[in-house]
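One structure is given below, encoded as structure tokens.
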Amino acid sequence: MDDITSPNTLMERYANGEDEVFEHLYREVAPRLYRFCRRLALHQPEADDCLQETFLRIHRARATFAPGANVWHWAFAIARSVYLSRLRYWRRRPERLGDANDIADCDELHSRDTATPEAEVVAANLLEVATAELSKMSEKNRAAYLLLKEEGLTVKEAAEILGTTTDVVRQRAHRASEQIRTALSTGEAQHA
């Protein structure tokens with residue numbers, strides 16, 4: 001991708017009032033941002049709403065985007081803020097939206113290059129266990145885990161997004177990893 005169409009450049013142009021670049025910015029940013037929302041929210045309808053609200057907030061706050069800033073850090077922070085606002089709302093007005101396992105329906109989380117049907121079953125079971133554990137853990141641990149393990153951000157970048165220290169991010173991600181690892185090893189023992 002050349003620099004003219006990089007997400008950072010597109011966001012800078014959009015922040016400077018070039019409305020016509022929004023469609024390009026959306027195409028570049030939305031898939032990765034949606035994956036993050038989907039893993040935070042766990043339910044597809046919640047993730048869809050979270051993504052939509054995130055882009056609405058990006059639009060409203062575009063003039064505050066600092067030239068040279070990292071659009072991913074900014075967008076992930078906005079998405080997390082949206083999710084936390086919605087989470088507070090859902091806690092005050094609980095409603096059942098479906099099983100936490102609906103994340104397994106997301107094609108981008110499945111590998112289509114699996115060698116055998118048995119390997120596909122194993123991969124699906126592992127994804128199901130990991131998804132179930134993500135739904136059980138605190139939002140803080142889940143967000144740290146997702147930013148580090150799934151989004152590939154550095155500990156420092158995740159700490160900036162989460163508004164905490166690098167040590168806290170490491171601890172939260174470690175707790176989340178251990179929780180998933182324990183569940184996977186327990187699941188393997190039950191299937192043996």
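Once the mean of 1/r is taken over each pair of separate Cα atoms and inverted, the stretch 122-192 shows a Kirkwood hydrodynamic radius of 12.5 Å.
How charged is the neighbourhood of CYS37? Take every other residue with its Cβ under 11 Å from the Cβ of CYS37, and add Lys/Arg as +1 and Asp/Glu as -1. Charge balance in the 11 Å sphere: +2. At q = 0.12, 0.14, 0.15, 0.19 Å⁻¹ the log10 of I(q)/I(0) for the stretch 1-98 amounts to -0.40, -0.52, -0.59, -0.86, computed by Debye summation with a single uniform scatterer per C-alpha, solvent ignored. On a per residue basis, the convex hull of the C-alpha atoms belonging to the stretch 1-55 measures out at 75 Å³.
Throughout, read-outs are computed from the coordinates displayed, never taken from laboratory work. As the structure is a prediction and not an experimental result, all values here were calculated from the model. Glycine also receives a Cβ, built like all others from the backbone with ideal geometry; neighbour counts cover every protein chain displayed.
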